[in-house]
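Heads up: the structure comes next, in structure tokens.
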Amino acid sequence: MTIIVGFGNDLRGEDGFGIDVIKKLQNYDLPNTKLISTFQLTPELSLELKEATRLIFIDATFSDINNYSLACNLEEYKHDQLSHHISIRTILMILERLYNTKPEYELYSMFTNSFNEIIDEKNYEKAIKKVVEFIKTVN
């Protein structure tokens with residue numbers, strides 16, 4: 001089974017990229033696919049992911065340049081604030097160590113430096129459409 005996880009805060013503009021992609025994907029019949037929208041990645045999420053043979057993570061990632069470009073980026077950022085958020089690598093480690101499963105995984109990130117509002121609605125929607133179309137064709 002493929003599980004697609006879109007995460008972010010849809011109340012904070014472009015930070016909601018992953019959630020917005022999931023909302024669009026809900027309009028399509030994707031066989032053997034489960035869609036999950038979540039505010040952030042937490043250890044408890046691994047319970048829902050342990051049945052996956054393939055995982056796709058979708059979110060926004062910071063960049064001062066290349067806004068609205070898409071990338072695959074597992075780089076972990078250091079946060080100055082306390083958070084319950086954990087990384088994709090941590091989720092994958094939990095799945096392997098606790099549930100003895102190693103699903104294939106992919107990450108689709110949209111570069112942005114605007115996490116509080118959508119600066120360019122047209123390019124934001126184009127980025128969403130590109131990810132949705134790609135997932136539809138490879139699923």
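The values are calculated or read from the model by the stated rules, or taken from the named source; none is laboratory data. This structure is a prediction, so every number in the text was calculated from the model and none was measured. Note: accessible area is taken over every heavy atom of the protein model, side chains too, but ligands, DNA and RNA are not part of it. Shrake-Rupley method; radii C 1.70, N 1.55, O 1.52, S 1.80 Å.
Observations on the model:
- Protein heavy-atom surface of the chain, 1.4 angstrom probe: 49% of the accessible area is carbon and sulfur, with nucleic acids and ligands not counted.
- With contributions of -39500 (n - 2.57) from each DSSP H run of at least four residues, the per-residue ellipticity at 222 nm computed over the chain stands at -9500 deg cm²/dmol.
- Rolled with a 1.4 Å probe across the full set of protein chains, the surface gives Leu30 an accessible area near 20 Å².
- Cα-Cα separations in the chain greater than 27 Å, expressed as whole percent: 17 percent
- When the residues Asp29, Asp15, Asp64 are ordered by accessible surface, computed with a 1.4 Å probe over the protein chains alone, the sequence from largest down reads Asp29, Asp64, Asp15.
- Accessible surface, per residue, of segment 1-135 when the full set of protein chains is kept, probe 1.4 Å, Å²: 58 Å²
- Accessible-area rank, largest first, for Arg54, Arg89, Arg12: Arg89, Arg12, Arg54, with all protein chains present and a 1.4 angstrom probe.
- Cross-link partners for Lys50 among the lysines, with Cα-Cα distance under 18 Å and sequence neighbours closer than 8 places in the same chain left out: Lys34, Lys102.
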